[in-house]
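Worksheet: one structure, shown below.
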Amino acid sequence: MLIPFVLLEKPWEFLPGVPAEAYIAVVFMAIFPSCFSYLVQQIAIKEIGPARASVFINLVPIFSFVLATLILGETLQPVKILTAALIIAGVCICQLSGNTKEGIIKNGK
């Protein structure tokens, strides 16, 4: 469906001028962030189960602003630190409450 819009951009005019590093970056993004991270996620879901693994999706914004600070040089604002603390506290609470319920079921108490 998008091919007509791609043709309107006339990629044959600018693609020869794209440096090799750009193609390498696209291949890198296709392999590691896409395929490799998906594989790791599926292994984690298999190991700890979907309910426990889904809690960790909440950590994605933390990794995003930490990497933005380290790689892009963005400023670390107090509201981001507070938000990270709240997210981490929520993940910890979910993990602790999940472990308690599993312990009750396993021990029969």
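The values are calculated or read from the model by the stated rules, or taken from the named source; none is laboratory data. In this text the structure is predicted, and so the values were computed from the model without any measurement. Please note: Cβ atoms are built from the backbone with ideal geometry, for glycine as well, and neighbour counts cover all protein chains shown.
Go through (1) part of a helix (DSSP H, G or I); (2) farther than 20 Å from residue 44 by Cβ; (3) out of contact with any Pro (no Cβ under 8 Å at 6 or more places or on another chain) and name the single condition residue 75 misses.
Among (1) part of a helix (DSSP H, G or I); (2) farther than 20 Å from residue 44 by Cβ; (3) out of contact with any Pro (no Cβ under 8 Å at 6 or more places or on another chain), residue 75 violates only (1).
Identify the single condition in (1) within 30 Å of residue 97 (Cβ to Cβ); (2) modelled with pLDDT under 85; (3) loosely packed, with under 13 Cβ neighbours inside 10 Å that residue 46 does not satisfy, given that it satisfies every other one.
Result: residue 46 passes all but (2).
Please determine whether any residue of region 83-103 is acidic (Asp, Glu) and modelled with pLDDT of 90 or more.
Checking region 83-103: not a single residue is acidic (Asp, Glu) and modelled with pLDDT of 90 or more.
Free of Cβ contacts under 8 Å to residues at least 24 places away in the same chain, assigned to a helix (DSSP H, G or I) and exposed (fewer than 11 other Cβ atoms within 10 Å of the Cβ): does that describe residue 80?
Criteria not met by residue 80.
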